[in-house]
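The values are calculated or read from the model by the stated rules, or taken from the named source; none is laboratory data. Remember, predicted model here, so these are calculated numbers, not experimental data. Heads up, the Cβs are rebuilt from the backbone with ideal geometry, glycines too, and the neighbour counts pull from every protein chain shown. The accessibility values were calculated without ligands, DNA or RNA, using every heavy atom of the protein model including side chains. Shrake-Rupley method; radii C 1.70, N 1.55, O 1.52, S 1.80 Å.
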Amino acid sequence: MNKKLLILFFFLLSCGYKPVYQNIDSINLKFADVILNGNKEINKSIVNSLSIERNEEINNGNKLYLTNSYKIETTSKNTQGQAVSFRTNINVNLKIENLKNNTTIDKNFNKELAYNNKANKFELVEYQNSIKKELINQIIGEMIIYLNTQ
């Protein structure tokens, strides 16, 4: 019994498991130029969460382009023409150009969520803002995983 437990313990420790979010600091997220397009709140959240730095003195020749779009669409209406349900969609394009090697990394991240209308418009706006924050956090999580695998 002790040998089986020891062998199981050995395999669990030596399987090479590493948490994905642990190595975000080891990723080089310093760029010679950072170009942001789209919704400023989304760009600010991504830049702050990933600790992206712009430093013109860096000689790595990397340029970062972040382009995003944020849409709230009405997906259905009732017979009076009032909105019954909505869909929030956030699309972020991450593009990293290395001018020295002439290589480009280009990846789209897209998240959307459908939800019903609320009777109180203030509650609806608050709910839409919370959905926006959650979708941004999901995209940031996917970006961390993607950048860790590159």
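Quick check, is S51 modelled with pLDDT of 80 or more, open to solvent by 40 Å² or more (accessible area, probe 1.4 Å) and over 17 Å from K107 (Cα atoms)? Considered against the rule, which asks whether it is modelled with pLDDT of 80 or more, open to solvent by 40 Å² or more (accessible area, probe 1.4 Å) and over 17 Å from K107 (Cα atoms), S51 comes out as yes. Out of the residues in the stretch 54-69 that are part of a strand (DSSP E or B) and out of contact with any helix residue (DSSP H, G or I) (no Cβ under 6 Å at 6 or more places or on another chain), which is most open to solvent (accessible area, probe 1.4 Å)? Among those residues, the one meeting the criterion is R54.
The one condition from (1) over 18 Å from the mean Cα position of the chain (by Cα); (2) open to solvent by 40 Å² or more (accessible area, probe 1.4 Å); (3) not hydroxyl-bearing (S, T, Y) that A83 does not meet is (2). Of all residues in the stretch 113-124, at least one satisfies being among the hydrophobic types (A, V, I, L, M, F, W, C) and in a helix (DSSP H, G or I). On the given criteria, is T79 over 14 Å from L29 (Cα atoms) and either touching an Asp or Glu at 6+ places or on another chain (Cβ under 6 Å) or at pLDDT 95 or above (or both)? Criteria not met by T79. For the stretch 121-148, the candidate set comprises residues that are over 11 Å from F109 (Cβ atoms) and of a type in the set (D, E); within that set, the residue that is surrounded by the fewest Cβ atoms within 10 Å (Cβ to Cβ) is E123. One residue is enough: does the stretch 98-115 have a residue meeting the conditions touching a residue at least 24 places away in the same chain (Cβ under 8 Å), open to solvent by 40 Å² or more (accessible area, probe 1.4 Å) and more than 30 Å from K30 (Cα to Cα)? Within the stretch 98-115, one or more residues are touching a residue at least 24 places away in the same chain (Cβ under 8 Å), open to solvent by 40 Å² or more (accessible area, probe 1.4 Å) and more than 30 Å from K30 (Cα to Cα). All of (1) touching an Asp or Glu at 6+ places or on another chain (Cβ under 6 Å); (2) exposed (fewer than 15 other Cβ atoms within 10 Å of the Cβ); (3) not basic (K, R) hold for N89 with one exception: (2).
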